[in-house]
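The values are calculated or read from the model by the stated rules, or taken from the named source; none is laboratory data. Bear in mind the structure is a predicted one, so any value in this text is a computation, not a measurement. Cβ: placed from backbone, ideal geometry, glycine included. Neighbour counts: every protein chain shown.
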Amino acid sequence: MKKVWIGADHRGRKYKKLLKEMLVENGYVVEDAGTNSDSSVDYTDLAIPVAKAVRDGEADRGVLICASGIGMSIAANRFSGVRAALCLTTGMAETARRHNDSNVLCLAQDITDEREATAILQTWLNTDFDGGRHCRRIKKMDQA
């Protein structure tokens, strides 16, 4: 059974609740890093524990949601071994997995509608890494 850590700031909390329910319904073990309030919080306070969980092997994958997804992806990608991808379409999610072996998905609640966000997450979860020539590229990132 795969374990997913999920986190969102106050601007992504609505989608976090929706996607967390979807993950649980699909048999994932989900660790919720927060936030569970509409009060303003710094996106970094959620991105850091999710990224650390993925980096340290406490989670197979991570999901982060904020208004644009940009801050979350920048914060998460500061950690070695984390490959956070901001995905606005299912095509981006598929490529992020197939070519980049993305292990953290970042979503933009203000840009992506609920149905598309759900489809993006499903695509990202169900797409395998292609390996091959992409392995050497990922190895280079991990050495940086």
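Here are some notes:
- Filter result (among the hydrophobic types (A, V, I, L, M, F, W, C) and within 13 Å of the chain's Cα centre (by Cα)) within the range 93-120: 93, 96, 104, 105, 106, 107, 108, 117, 120
- Comparison of 32, 45, 9 shows that the only residue that is in contact with a Phe, Trp or Tyr (Cβ under 6 Å, 6 or more places away or on another chain) and over 23 Å from residue 141 (Cβ atoms) is 9.
- Taking the range 113-144 as the range and being farther than 18 Å from residue 70 by Cα, among the β-branched types (Val, Ile, Thr), outside any loop (DSSP other than H, G, I, E, B) and modelled with pLDDT of 95 or more as the test, the residues that pass are 118, 123.
- Per-region count, the range 35-63, residues over 21 Å from residue 129 (Cβ atoms) and touching a Leu at 6+ places or on another chain (Cβ under 6 Å): 1
- Any chance residue 110 is in contact (Cβ under 8 Å) with a residue 40 or more places away in the chain, surrounded by fewer than 16 Cβ atoms within 10 Å (Cβ to Cβ) and in a loop (DSSP other than H, G, I, E, B): yes
- Selection count, the range 19-42, where residues are farther than 20 Å from residue 103 by Cα and of a type outside the set (S, T, N, Q): 4
- Scan of the range 19-47 for residues that are of a type in the set (A, V, I, L, M) and either buried (at least 16 other Cβ atoms within 10 Å of the Cβ) or closer than 14 Å to residue 105 by Cβ (or both), ordered by number: 19, 22, 23, 30, 33, 41, 46, 47
- Here 82, 50, 54 are screened, and the one residue that is of a type in the set (Val, Ile, Thr), surrounded by 18 or more Cβ atoms within 10 Å (Cβ to Cβ), within 15 Å of residue 8 (Cα to Cα) and in contact with a strand residue (DSSP E or B) (Cβ under 6 Å, 6 or more places away or on another chain) is 50.
- A search for C-beta distances below 8 Å between a residue of the range 86-99 that is surrounded by 16 or more Cβ atoms within 10 Å (Cβ to Cβ) and any residue that is β-branched (Val, Ile, Thr) and not in a helix (DSSP H, G or I), counting only pairs 6+ apart in sequence or on different chains, returns 88/111; 88/112; 93/127; 94/127; 97/127.
- The criterion of being farther than 17 Å from residue 16 by Cβ and in contact with a Gly (Cβ under 7 Å, 6 or more places away or on another chain) does not hold for residue 97.
- Pair list, Cβ < 7 Å and 6+ apart or interchain, from the range 24-39 residues that are free of Cβ contacts under 8 Å to residues at least 40 places away in the same chain and on the phi < 0 side of the Ramachandran plot to residues that are of a type in the set (Gly, Ala, Ser) and assigned to a strand (DSSP E or B): 33/7; 35/8
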